[in-house]
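See structure below.
The values are calculated or read from the model by the stated rules, or taken from the named source; none is laboratory data. On a predicted model such as this, the values are computed, not experimentally measured, just so you know. Positions of Cβ are backbone-derived with ideal geometry, glycine not excepted, and every protein chain shown enters the neighbour counts.
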Amino acid sequence: MAEADRRAEQAVKREEELREAHEQDLADLREGYERKLAELRDRTGPAEEQRAVDRPKSRRRKAKPRTAKEERLDINTVDFEDLRALGLSVSQSTRLIATRDARMGFDSLKELDDLADLPRDVISTLKQRLRA
């Protein structure tokens, strides 16, 4: 019984470490996004900033309930845990979600080809398991 308790504690600790790493990755991405946004504001001025404000907030659709394991997940609503279940690392999952949020969603799965930080085999898997 003590061995099972020790393993459970290790699993909980590992999950906490992964969540902390995920939160740090998100913070780093937000910081980079804010820095790039400030650079854009400096270069373009208030007119471009106003156009950005006038754009719709998000193109995300509500997630539909999943009825079968074979059903493809929507790339615009898939969450961190689902991406991890598809085989993405913590940082890959975080970057994909941050990129999706920065772009205000993906219009098609072909946009995944533009993501240089994801290996081709991962992109291929995502195209098979996700839908836009």
Residue in region 13-25 that is modelled with pLDDT of 65 or more, within 23 Å of the chain's Cα centre (by Cα) and among the hydrophobic types (A, V, I, L, M, F, W, C) present: yes
Every residue from region 68-98 that is among the polar types (S, T, N, Q) and under 18 Å from GLU17 (Cβ atoms): SER89, SER91, GLN92, SER93, THR94
Any hit, region 99-109, residues being among the basic types (Lys, Arg), modelled with pLDDT under 90 and in the same structural domain as ASP25 (by TED's automatic domain parsing): no
Residue match in region 117-126 (condition: modelled with pLDDT of 65 or more, farther than 24 Å from GLU15 by Cα and among the β-branched types (Val, Ile, Thr)): yes
